[in-house]
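The values are calculated or read from the model by the stated rules, or taken from the named source; none is laboratory data. It should be emphasised that the depicted structure is a prediction, and the values quoted were computed from it without experimental measurement. Glycine gets a Cβ as well: all are built from the backbone with ideal geometry, and neighbour counts include every protein chain shown. With ligands, DNA and RNA removed, areas are computed over all heavy atoms of the protein, side chains included. Shrake-Rupley method; radii C 1.70, N 1.55, O 1.52, S 1.80 Å.
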Amino acid sequence: MTVAALGGLVLAGCGPDRPPGTVGFVEGFAGAVVADEPRAVVIARDILSSGGTAADAAVAMALTLTVTLPSSAGLGGGGVCLLLDRDADDEPRLAVLDFLPDDRAGLPGPDGAAAVPALPRGLFALHARAGALRWETLVAPAENLARFGFPASRALAAEVQALGGAPPDMWLGTGPMVYEGQRLQALDLARALGQVRVGPGEFHVGSVAREIIDAAAVQGAEVSQEILRDWRPTWVEPVISDSGSHLDAAAPVPDSAARFARDWATAEADADDDGLSLAPLPDLAESLRTRGATGFAVADSYGGAVACGLTLNHPFGTGRPLNGLGFPLAPMPDARSPDIALLMRYNDVTGVFLGALAAAGGGAGQAALEAGVPAFKDDVGTGAAVQSVSAGGLGRALVNLIRCAGGLPRDPESCSVAVDPRGAGLGMRVGQQ
């Protein structure tokens, strides 16, 4: 959405005494947001309330997750986002942004090859296409949390404890274990986020790029200056399935998301006939190796929406933060890497947003089908739909849902949200209606 189009949409709903970019600028309903970690949701809430688009909120939330859930998201990782916004003629458009950490950064070291740090430049591309607020405004909340400290959420504490501890030097003056409410501080990461605020290009060309190369070499990993310089995120077409009065869009990357896209149409056809039939999800007792990813979804009051899956390929990536930068690189993806499943539903005639789903972790595609088919095909409430997932929780896929049966922006009262009860995330409708 262009800034001019955004301005025209929000004038009727803005607070008369608050400028754009100020919390409370949007009066009434400002959007909906769901994620695996609650503090990131609170940051997204403030961005939506300030007049930001779904893309703005997604950028701020993703950067916050690098601080508050670094086991699953990080500046050294990346992700994939499914975007619904409007073009200069106010027509709806769908696109997928691929900034997955799956491009080799250089020759393998003793522990294998690392991937190019993709998240900063990827989020910058998302903001450039569909953001409205200033980039610096979206980075500052995460930077401040890292610099001044924050209480660990139940989501973070549970993941760290299940993994048997965090890597050394992730936080200032703490041991390997993290407990809910424990105050954490990450000054090196704050410094790196400060560089993101200045401009993500520094991570590919400039002083930060040289720091990454040098710090990786100390860990035995090779990062090529040329590969780092030339890497770019890519926009790709979503996989579209026609369901009559609406369209369902899914991401074609990574492979797990592409499999989900194929299975989604089959599952809907099965639901019309003999009921949904799914293979059983993996055993919850399986190793936590399949975590290291997180998903979220956000919708704004203007009818835009974003669903993202972020990944480090393994929990805490390579497991060793880069000296002076505070974030680990991501290893190259392999058979142990987490799955991602994303879905967006909208009406292609009226252009309204109808719902979004994001799942990340082991068995994400299966979990997304188990929650998504009841919610979007069978008209089951979002809370009941996520309750129907037969497996989930730590190390397994967590599912987040937004559903607006009447569509956004025309019927915000129809919107509901749900987070996977096996995790410790948060979902909310922003503002009053």
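Residue-by-condition table, conditions (1) over 20 Å from LEU94 (Cα atoms); (2) at pLDDT 95 or above; (3) surrounded by 19 or more Cβ atoms within 10 Å (Cβ to Cβ):
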{"position": "ILE212", "(1), (2), (3)": "yes, yes, yes"}
{"position": "ARG229", "(1), (2), (3)": "yes, yes, no"}
{"position": "VAL236", "(1), (2), (3)": "no, yes, no"}
{"position": "ILE240", "(1), (2), (3)": "no, yes, no"}
{"position": "SER243", "(1), (2), (3)": "no, no, no"}
{"position": "PRO254", "(1), (2), (3)": "no, yes, yes"}
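Given the conditions (1) over 13 Å from GLY324 (Cα atoms); (2) of a type in the set (Lys, Arg); (3) in contact (Cβ under 8 Å) with a residue 60 or more places away in the chain, which single one is not true for ARG191?
It fails just one condition, (1).
Open to solvent by less than 30 Å² (accessible area, probe 1.4 Å), part of a helix (DSSP H, G or I) and out of contact with any helix residue (DSSP H, G or I) (no Cβ under 7 Å at 6 or more places or on another chain): does that describe ALA125?
Working: open to solvent by less than 30 Å² (accessible area, probe 1.4 Å): yes; part of a helix (DSSP H, G or I): yes; out of contact with any helix residue (DSSP H, G or I) (no Cβ under 7 Å at 6 or more places or on another chain): yes.
Here the answer is yes, as ALA125 does meet what is asked.
Output yes when any residue across region 354-375 is touching a helix residue (DSSP H, G or I) at 6+ places or on another chain (Cβ under 6 Å), closer than 21 Å to ARG39 by Cα and open to solvent by 10 Å² or more (accessible area, probe 1.4 Å), and no when none is.
Checking region 354-375: not a single residue is touching a helix residue (DSSP H, G or I) at 6+ places or on another chain (Cβ under 6 Å), closer than 21 Å to ARG39 by Cα and open to solvent by 10 Å² or more (accessible area, probe 1.4 Å).
Yes or no: ARG410 crowded, with 24+ Cβ neighbours inside 10 Å, over 26 Å from VAL116 (Cβ atoms) and touching a residue at least 40 places away in the same chain (Cβ under 8 Å)?
On the way: crowded, with 24+ Cβ neighbours inside 10 Å: no; over 26 Å from VAL116 (Cβ atoms): yes; touching a residue at least 40 places away in the same chain (Cβ under 8 Å): yes.
Here the answer is no, as ARG410 does not meet what is asked.
If VAL417 meets every condition in (1) open to solvent by 20 Å² or more (accessible area, probe 1.4 Å); (2) aliphatic (A, V, I, L, M); (3) within 30 Å of GLY173 (Cα to Cα) apart from one, which number is that one?
Here VAL417 clears every test but (3).
Can you report the number of residues in region 88-103 which are open to solvent by 40 Å² or more (accessible area, probe 1.4 Å), closer than 30 Å to ASP300 by Cβ and not in a strand (DSSP E or B)?
Narrowing region 88-103 to residues open to solvent by 40 Å² or more (accessible area, probe 1.4 Å): 88-93, 102-103.
Those left that are additionally closer than 30 Å to ASP300 by Cβ: 88-93, 102.
Subset that is not in a strand (DSSP E or B): 88-91, 102.
Selection size over region 88-103: 5.
Output the number of the condition that GLY106 fails; it satisfies all remaining conditions of (1) in a loop (DSSP other than H, G, I, E, B); (2) surrounded by fewer than 24 Cβ atoms within 10 Å (Cβ to Cβ); (3) under 18 Å from the mean Cα position of the chain (by Cα).
With respect to (1) in a loop (DSSP other than H, G, I, E, B); (2) surrounded by fewer than 24 Cβ atoms within 10 Å (Cβ to Cβ); (3) under 18 Å from the mean Cα position of the chain (by Cα), GLY106 is out only on (3).
Tell me which residues, restricted to region 321-338, are open to solvent by 20 Å² or more (accessible area, probe 1.4 Å), modelled with pLDDT under 95 and of a type outside the set (Gly, Ala, Ser).
Selection gives ASP334, ARG336.
Sort out for me the strands (runs of 3 or more DSSP E) sitting completely within region 334-433 that have 2 or more residues that are farther than 26 Å from LEU65 by Cβ. Walk me through how you get there before you give the answer.
On the way: elements: 339-346, 353-361, 398-408, 415-419, 426-430.
Here the list reads 398-408.
What is the number of the single condition among (1) surrounded by 24 or more Cβ atoms within 10 Å (Cβ to Cβ); (2) outside any strand (DSSP E or B); (3) of a type outside the set (Lys, Arg) that GLY79 does not meet?
(2)
Where the second residue is assigned to a loop (DSSP other than H, G, I, E, B) and the first is over 23 Å from LEU119 (Cβ atoms) and lies in region 88-107, which pairs have Cβ atoms under 8 Å and are six or more apart or on separate chains?
ALA88/THR2; GLU91/GLY351; PRO92/GLY303; PRO92/ASP348; PRO92/GLY351; ARG93/ASP87
Given the residues ALA249, ALA186, which is the only one that is surrounded by 15 or more Cβ atoms within 10 Å (Cβ to Cβ), among the aliphatic types (A, V, I, L, M), modelled with pLDDT of 95 or more and touching a Gly at 6+ places or on another chain (Cβ under 8 Å)?
ALA186
Given the criterion surrounded by 15 or more Cβ atoms within 10 Å (Cβ to Cβ), in contact (Cβ under 8 Å) with a residue 24 or more places away in the chain, more than 16 Å from VAL67 (Cβ to Cβ) and of a type in the set (A, V, I, L, M), identify the matching residue among ALA157, ALA130. Working first, answer last.
Values: ALA157 fails: more than 16 Å from VAL67 (Cβ to Cβ).
Within the list ALA157, ALA130, the selection yields ALA130.
So, in region 144-171, how many residues would count as being in a helix (DSSP H, G or I) and aromatic (Phe, Trp, Tyr)? Reasoning before the result, please.
Restricting attention to region 144-171, the residues satisfying the condition of being in a helix (DSSP H, G or I) are 144-148, 154-162.
The next check asks that each one be aromatic (Phe, Trp, Tyr); those that pass are 148.
Residues in region 144-171 being in a helix (DSSP H, G or I) and aromatic (Phe, Trp, Tyr): 1 in total.
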